[in-house]
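Only one structure is covered here, and it is reproduced in the block below.
The values are calculated or read from the model by the stated rules, or taken from the named source; none is laboratory data. Computed from a prediction, not measured in an experiment: that's the story for all the values here. For accessibility, only protein heavy atoms count, side chains too; no ligands or nucleic acids. Shrake-Rupley method; radii C 1.70, N 1.55, O 1.52, S 1.80 Å.
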Amino acid sequence: MWNSEAPLKLLQTMPSELDIQNLRNIQQTIDVDKYENSHRLRRDLCGEYAPFCQMCDKWVKYPCAVAYVKMKQAEGMHVEIAASAYLPADAVVEEEAVEEAPADKSGKKYIRIAIAKRKG
């Protein structure tokens, strides 16, 4: 039922220590698939969507991503979640806006990537 390939491919492109932005990206990937399956089955699949749901802690920010990483760790994958990425579910994560710099003389454009910051 769930697309196990999409979050794995994403996780394999990430560093071995995941930050809050990495977790957000994993969560978004999982959420899209979970939403599509929930819509198709006409019910909320939260808690029963995938094998990692049994490791879910809804008190953390990005619970599906954290549970997914815990499952991959249990399977032997060498990946860690940075202590700074463990935020309570109600934490507000601020982002800097992505700014597109004007083209230089060569005509190339540069993009500044947003950085997530923890408030507090």
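Surface composition of the range 1-71: carbon plus sulfur atoms hold 51% of the accessible area, using a 1.4 angstrom probe and ignoring ligands, DNA and RNA. Note on surface exposure: 56, 64 rank 56, 64 by accessible area, highest first, 1.4 Å probe.
Accessible area ranking (1.4 Å probe, heavy atoms, ligands and nucleic acids excluded), largest first, for 32, 69: 32, 69.
Of the whole protein surface, residue 16 contributes about 80 Å² of accessible area at a 1.4 Å probe radius.
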